[in-house]
Amino acid sequence: MHIVIMGCGRVGSALAQNLEQQGHTVAVVDQDPTAFRRLGSSFGGRRVTGVGFDQDTLREAGIEEAGAFAAVSSGDNSNIIAARVAREMFGIENVAARIYDPRRAEVYQRLGIPTVATVRWTADQMLRRLLPSGAEPLWRDPTGGVQLAEVHTSTAWVGHKISRIQDETGVRVAFLTRLGEAVLPTSQTVLQEGDLVHVMMRTDEVDKVEAAFAKGPEEEGGH
């Protein structure tokens, strides 16, 4: 797929490199030509200097053959205008805009523009570290009966196998975040200090699961 990204800051450049590594073709648009230095010499995509919501600039970036568009510049207004131009003028279905103001983000969601509210996401992440009790749902199935969530895990579980954690808490461990990387565990994987645990569980069992993770493993021979 060809993907156009507006904004070559830290997010835009990381996104461009990641997408290219996955085999997509990428064009990055930025008003500041020096911003493209962040892409590095190995980046093989297009670097287009210009305003990301200008139609001619977008055409130069290959918007007409693009399958997706990401607006991740530092300006909310620019991002949302560019996202709307990509969707409404060029018919791009997969469009996302980064928005700093969470109140605006909600408005644009209602307009059908998927938004990533940077401040809210960061605040949520911080709250989950500061107030670790309480599973924060990352995904729910359409019925709301099952959810994927990160759960606060007592350090007493460190050194124990995932299989034991699953047996005693009654959940399925979907993945771990270890040193910033996602890890798909096997039953033999051992929990390490600092691991973040993401589990699939029934929504009506959240309190019970949280309590089990916070308590730690049963004593050997205990029930």
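Which semi-axes, in whole Å and largest first, does the equivalent ellipsoid of region 1-84 have when worked out from the alpha carbon gyration tensor as the square roots of 5 times its eigenvalues?
After diagonalising the Cα gyration tensor, the semi-axes are 17, 14, 11 Å.
Using just the C-alpha positions of the chain as equal point scatterers, what log10 of I(q)/I(0) does the Debye formula give at each q in 0.16, 0.17 1/Å?
Log10 of I(q)/I(0), two decimals: -1.04, -1.10.
Non-local amide H neighbours of Ala117 (under 5 Å, H modeled in plane, Pro and chain starts lacking H): which ones?
Ile99
Quantify, in whole percent, the carbon and sulfur part of the accessible surface of the chain (1.4 Å probe; protein heavy atoms only).
The C+S portion of the solvent-accessible surface of the chain is 52 percent.
Considering Cα pairs under 8 angstrom that are at least six residues apart, work out the relative contact order of the chain and quote it in whole percent.
Once normalised by length, the contact order is 13 percent.
List the residues whose amide H sits under 5 Å from the amide H of His160, counting only those 5 or more places along or on another chain, with H placed 1.01 Å from N in the peptide plane.
For His160, the qualifying residues are Leu191.
Using alpha-carbon positions, what is the distance between the centroids of region 18-79 and region 133-202, in Å?
Going from one Cα centre to the other spans 36 Å.
What number comes out for accessible area per residue over the chain if the probe is 1.4 Å? Units Å², please.
57
For the chain, which span is the longest to avoid every loop-located (per DSSP) member of GluC sites (Glu not before Pro) having at most 10 other Cβ atoms inside 10 Å?
My reading of the result: 94-192 is the longest stretch.
Which ³J(HN,Hα) values in Hz, rounded to whole numbers, follow from the phi angles of region 60-69 under the Karplus curve 6.51 cos²θ - 1.76 cosθ + 1.60, where θ = phi - 60° and Gly and Pro get x?
Those phi angles translate into 4, 7, x, 4, 5, 10, 7, x, 7, 9 Hz.
Quick one: which residues, 5 or more positions from Val95 or on another chain, have an amide H under 5 Å from its amide H? H modelled 1.01 Å from N in the peptide plane, none for Pro or chain starts.
HN-HN under 5 Å from Val95: Phe69.
The values are calculated or read from the model by the stated rules, or taken from the named source; none is laboratory data. Keep in mind that this is a model prediction, so the values were computed, not measured. For neighbour counting, all protein chains shown are included, and Cβ atoms are generated from backbone atoms with ideal geometry for every residue, glycine included. Just the protein is used for accessible areas: all its heavy atoms, side chains included, with ligands, DNA and RNA removed. Shrake-Rupley method; radii C 1.70, N 1.55, O 1.52, S 1.80 Å.
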